[in-house]
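Below you'll find the structure, written out as structure tokens, and then a few comments.
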Amino acid sequence: MTEDSKPARFLWLLRPPVQIDRRTERIFLLVGVAALFAGYDMNVYGLAIPQIQKSLHIAENQVGLTAAYFRIAAIFAMLLAASADLVGRRRLLLVTIFGQAVFTLVTAFTTGYDAFVWAQFFTRIFGYAEEMLCFVVIAEEITARARGWANSTIVAFDFLGAGFAALAFAAVNVMPYGWRAMYVIGAVPLFLVAFLRRRLPETKRFAVQGEAGLKPVAILDLLRDIARQYPVRILTVLTAAGAFGFSISPATVLAQKYLQDAWHYSPGQVTALLIPGGLIGLGLAIVSGRLSDRFGRRPMALAIVSLAAICFFFFYSSATPAWAIPPLWIVAFFGFFAGDTLVAGFALEIVPTHYRATIGGIRYLIEIGAGALALALEGHLYDRLGGHGPAIQWLLAAIPITLIGVLFLPEPAGKTLEEMSGG
């Protein structure tokens with residue numbers, strides 16, 4: 001027995017439903033730790049909107065639009081991630097983690113609004129591509145009976161990173177340089193992960209397929225195959241993902257600002273909610289993944305996406321009592337993370353290996369792009385309706401499109417990727 005084939009040694013918070021070997025464990029940790037710090041980095045803006053807004057003189061109706069600018073990066077991130085179908089997952093993951101680290105650090109030293117937007121734009125090109133590829137690697141390396149658990153555990157890492165961001169945010173008003181220090185704190189571990197990524201092996205499925213190279217003919221062949229194979233299921237999952245991103249993005253981006261503005265939470269009080277709430281959400285996310293392996297992706301996705309929409313609707317309602325806000329936040333964000341993971345999993349589990357990264361990237365682009373559109377529209381609804389709460393409630397009306405799409409997707413739970421796609 002080789003070292004890589006020996007049973008994994010890591011003591012998981014909730015153990016996988018089947019035994020995994022050390023090679024898989026090493027890949028999982030190198031991907032998961034990056035997700036943790038990406039969760040930190042991507043949540044800084046949402047947490048510190050009031051502080052960044054004041055420092056950079058951002059108008060109230062431009063807050064959502066600023067986040068929409070960031071999301072345009074998904075177009076370029078999709079192209080970057082899709083190239084992994086031609087040159088390999090490992091090579092691209094080395095590029096994305098280093099690029100994210102560099103531009104996160106650059107963000108801390110920006111002095112004006114335009115520079116801040118551009119720094120975060122490039123941060124998210126690499127960060128979004130990183131996230132797309134992480135789920136591709138997990139899909140290709142984890143056994144069929146544990147893919148739901150693996151995807152949800154990656155999300156749990158992201159959840160934990162958001163908790164660390166909340167912990168740092170508690171001291172935002174006393175830290176030297178305020179919100180800028182939070183970006184420095186987020187950049188340093190990413191450089192460490194980039195160094196450790198040198199030990200990341202290529203996925204077995206891609207290694208068998210081999211590199212096609214970034215040649216025009218290879219790219220055209222790839223796009224032609226995508227257009228020909230499984231067009232209905234691909235269109236269905238992209239529609240479901242787009243509707244989910246459109247409905248949920250404004251609710252998640254503006255939640256911490258809403259707590260501070262509408263409910264007058266201090267940074268310390270926001271942290272007091274996010275840390276224990278994030279830990280609860282972390283456990284629930286892992287449990288939901290295991291349940292999706294047992295009972296199926298479709299029933300879990302239908303239940304969790306519906307739950308997220310209902311909780312966000314009441315979270316942003318002016319009639320909701322103050323005591324209900326913390327539990328609504330916890331369950332809503334659990335529903336967002338777990339629901340997004342399940343939708344993303346469909347996109348990766350129903351297509352062949354040779355364009356899995358491309359479809360994953362397109363799914364991410366559609367979801368992020370739809371979210372950007374909703375964030376831009378939120379500013380107009382804010383002016384018309386007089387508040388962020390009612391504007392976000394109106395945008396949640398697109399959730400039924402996601403639920404209908406999920407109903408028409410094939411059930412991938414318990415099946416190998418080859419059984420689902422024939423590739």
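Placing a pseudo-label 7 Å from each Cα along the Cα-to-Cβ vector at Leu94 and Val232 gives an inter-label distance of 4.3 nm.
What FRET efficiency do you get for Ala171 and His380 if R0 is 30 Å and r is their Cβ-Cβ distance, rounded to the nearest 0.05?
Computed FRET efficiency for Ala171 and His380 comes out at 0.25.
Quick one: if the Förster radius is 41 Å, what FRET efficiency do Ala181 and Ala322 give, using the C-beta to C-beta distance and rounding to 0.05?
Numbers: r = 31 Å, r/R0 = 0.75.
Efficiency at R0 = 41 Å is approximately 0.85.
Full extension of the chain segment joining Phe314 with Phe109 gains 70.0 nm, where the gain is 0.36 nm per residue of separation less the Cα-Cα distance. Candidates Ala285, Ile248, Leu56 compared by Cα position along the dipole of the chain: farthest toward the positive end lies Ala285, with charges placed on Cβ. Given +1 at the Cβ of Lys and Arg, -1 at the Cβ of Asp and Glu and no other charges, the dipole of region 22-421 around its Cα centre is 820 debye to the nearest 20. Relative contact order, whole percent, for region 22-421 stands at 29, derived from Cα pairs under 8 Å and 6 or more residues apart. Converting the Cα gyration tensor eigenvalues of the chain into ellipsoid dimensions via √(5λ) gives semi-axes, longest first, of 32, 23, 22 Å.
Under the rule of -39500 (n - 2.57) per DSSP H run of 4 or more residues, summed and divided by the residues of the chain, what mean residue ellipticity at 222 nm is obtained, to the nearest 500 deg cm²/dmol?
Calculated at 222 nm, the ellipticity per residue is -25500 deg cm²/dmol.
Farthest toward the positive end of the dipole of the chain, out of Val406, Thr66, Ala391, is the Cα of Val406, where the dipole comes from beta carbon charges about the Cα centre. Summary of packing: across the peptides 408-414, 271-277, the per-residue average of other C-beta atoms within 10 Å ranks them, highest first, as 271-277, 408-414. With both labels modelled 7 Å from their Cα along Cα-to-Cβ, the Val117 to Arg145 distance reads 5.2 nm.
Which of the helices in the chain meet the span-like rule: DSSP H, Cα axial reach of 15 Å or more, Kyte-Doolittle mean at least -1.0? Counting only whole DSSP H runs, the qualifying helices are 22-47, 89-108, 113-141, 147-169, 179-196, 216-228, 231-253, 267-295, 297-315, 325-349, 356-385.
Values in this text are rule-based calculations from the coordinates and carry no lab data. Please read these numbers as outputs of a predicted model, since none were measured by experiment. Here Cβ is always computed from backbone atoms with ideal geometry, including for glycine, and neighbour counts include all displayed protein chains.
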